[in-house]
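Colleague: Handing you this structure, nothing more for now.
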Amino acid sequence: MRELSSLFFRGATVPLGLLMALLAIEIPAMADPAGGAPASNTAVPWGAPGALVLSDDESKAYVAYTQTERVDEIDPGSRKLARSFKVPGSPLGLALHGSDLFVTCSGAASPLCRVDLASGKLKTVGRTGHTAVSPVFSPDGRTLYFCLRFENQVVVWDVSSNRERRRIKVGREPVSVACTADGAYLLVSHHLPAGAATASVVAATIGVVDLQSGSMISEVALPNGSGLVRDIRISPDGRHAAVAHNLAHYQLPTTQLDRGWMNTAAVSILDLGPRGGVASVSSTTTASAAQPVVLEVTCVLDEMDKGAANPWAVGWSRDGQHLFVTHAGTHELSRINFTGLLEKMARMKAGTGWDPILPAEDFSFLLGLRERIPLAGRGPRSLAVGRTRVCIADYFSDMVESVGIAPGALAAVIKAPIREPFGKFREGEQYFNDATYCFQGWQSCASCHSEQARVDGLNWDLLNDGIGNPKNSKTLLWSHRTPPAMSMGVRISAEVAVRAGIRHILFAIPDEAVARPMDAWLGSLEPVPSPMLVRGGLSAAARRGRDVFNRPLVGCAGCHKQGLFTDLQTYDVGTGTGGASGAQVLGFDTPTLVELWRTAPYLHDGSAADLRSVLTTHNVEDRHGHTSRLAEQELNDLIEYLLSL
């Protein structure tokens, strides 16, 4: 029983039926990576499974472990490890077609690996770009598509020649891609909103890429507040696509959590057109003449008094009758009767006043159509749907679970090797992403800062400096090294801010057993190398920009000193306004410029969509650096340098 209890987060409750099911399951030992017999019960390092695929016949599951640079082959039937493959980087994505398994990895020059499953041989077939994720095959298996998350591109890779065919520019942080049934179009989920946070609508979008022209021809707008967009998958009949995302009510002051006041979990359904895909766009027609992809409905996945935080992966049953969504924050799986959902929408559309966004505010909309299945592991992120089962990879438990396709089926553990105890860093990462510590499970820290403690592109009225004065979400990278915390420095340190956030954002009583590991993990975060770097170093333009940055007459380096790129002081840079009283706000904390390329929009209120705006239209009287007299080339070089930090 002690071993079983380690699978659960403190304070979680387990239904009796699920507990009995788990007690009846054998937990196999870890097999020898060389292919020998299972090893003894020796503890192994935490692996953090981040991607999962199933073979067509459901006889094999492949799991990518981001922390151990390893891909495992598991037999779901026997629940045992068959083979392991060492890869040259953290594996972030898997794509399987026949006996070919492709693996995309992290890094500024992500390696792309190909495993011949028949022979068991693995080779690196190319270097791609910055943080390659979400590989998918074309319907004929001849082409592989994957996202370069931090280069805002999709790669088209020829499988037969093992060569990159082209790159396609898309929107901000593409994290998932799906190919239409006719192989003519890609749908791309953009993780974060683009543009200023002060716009009337701030939301991420779904890009539509025409593969014939090699360009993104349109973007589907998700509801206002949509962000942290994750998985996108197309239904087996090719008619619909489902995408999981957060739906933030950032316009409201953060005075409560009840009924999703701050954050809700959502799945949006897109209609791809009557022909089971996007209508073709020939070379003689324009994108506007094509059959558009439209938002059909956005459904909230929470209940009135029970959040379903951090929706992550989506998948369809092979007959298209059920849609599955993992909830990484509350450790659940949603099973949605999609056929019933379509029937309900058809009845409502036959009436009057149908609005695809209204169900996003109706906690009863999926009543009778959705089943919430509690899982044994923590942090379910990836899933793969077979003919009879759904397999789920639990990021923080290093477990793979199985749930039957049919309604009422319980979760069962396929693989849960004995692991070393959590280190303080990994424990803190789990707490940061865990919504069960929050009142009613509505959100986790990651619901506003993403799973790696960065930004969501939204303004939030956190009441740190009074009502009516919203601030843009800041990255937490180096927050523990650069006190004070918050835009106006109202928290003396990040440690104080963490505990204030637990109390005032999660509406929980701060527990040092949670806060200390979270501090340790946040303090351990290091910057990701900028996609602007050339072979790991500054470009010629960035080197010129560094000289501009360091000029005393320009003044950038005076406040953003080398090293931390901040002097830890506050300044009035002429951009502060408002507050409930309308009084001028003076003094903003000087933020670090490290990873600036990743943290748009800029300024305390996110009113500057890009760095050019920061240095020009938002630089009142040169109070944010003497940039008004810079030549155009000098300004471009300075921006290149800043985006390279």
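Colleague: Test of understanding: what is the full-extension gain from LYS306 to ARG629, defined as 0.36 nm times their sequence separation minus their Cα-Cα distance?
Modeller: Additional length available on full extension: 110.7 nm.
Colleague: What is the extension gain from ARG481 to ASP319, computed as 0.36 nm multiplied by their sequence separation minus the C-alpha to C-alpha distance, in nm to one decimal?
Modeller: Fully extending the segment from ARG481 to ASP319 adds 53.1 nm.
Colleague: What length, rounded to one decimal in nm, is gained on full extension from ASP116 through to GLU164, with 0.36 nm per residue of separation minus their alpha-carbon distance?
Modeller: Using 0.36 nm per residue and subtracting the Cα-Cα distance, I get 15.4 nm.
Colleague: Add +1 for every Lys or Arg and -1 for every Asp or Glu among the other residues with Cβ under 14 Å from the Cβ of ASP302, and state the total.
Modeller: Neighbour charge sum, excluding ASP302 itself: -2.
Colleague: Right, here's the next one. Cβ under 11 Å from GLY489's Cβ, GLY489 left aside: what net charge do those residues give with Lys, Arg +1 and Asp, Glu -1?
Modeller: -1
Colleague: Let me ask another. For GLU621 paired with ASP140, estimate the spin-label separation in nm (one decimal), with each label point 7 Å from Cα along the Cα-to-Cβ line.
Modeller: 6.6 nm
Colleague: What is the Cα centroid distance between region 508-546 and region 583-645, reported in whole angstrom?
Modeller: 19 Å
Colleague: So which trypsin sites (Lys or Arg not before Pro) in region 442-542 end up in coil per DSSP with only 16 or fewer other C-beta atoms within 10 Å?
Modeller: Listed in order of number, the matching sites are ARG481, ARG535.
Colleague: Give the lysines whose C-alpha is closer than 17 Å to that of LYS80, dropping any in the same chain fewer than 8 places away, or say none.
Modeller: List returned: LYS60, LYS415.
Colleague: How much net charge surrounds ASP394 when only the other residues with a Cβ under 9 Å from the Cβ of ASP394 are counted, with Lys and Arg +1 and Asp and Glu -1?
Modeller: The answer is 0.
Colleague: Still on this structure, I have one more. Using the Kirkwood radius over C-alpha pairs as Rh, can you work out the diffusion coefficient of region 540-642 via Stokes-Einstein at 37 °C, viscosity 0.692 mPa s, in µm² per second?
Modeller: Approximately 232 µm²/s, per Stokes-Einstein.
Colleague: OK, next. Mind running the shape call on region 429-524? Use the C-alpha gyration tensor, a ≥ b ≥ c as the square roots of the eigenvalues: rounded below 1.5 for a/c, prolate if a/b tops b/c, oblate otherwise.
Modeller: Since a/c stays below 1.5, the shape of region 429-524 is classed as rounded.
Colleague: Right, next: Give me the one-decimal Kirkwood hydrodynamic radius in Å for the chain, with the sum taken over alpha-carbon pairs.
Modeller: It is 25.5 Å.
Just so you know, all these numbers are worked out from the coordinates, no wet-lab data involved. These figures come from a predicted structure and were not determined experimentally. No Cβ is skipped: glycine too gets one built from the backbone with ideal geometry, and neighbour counts run over all protein chains shown.
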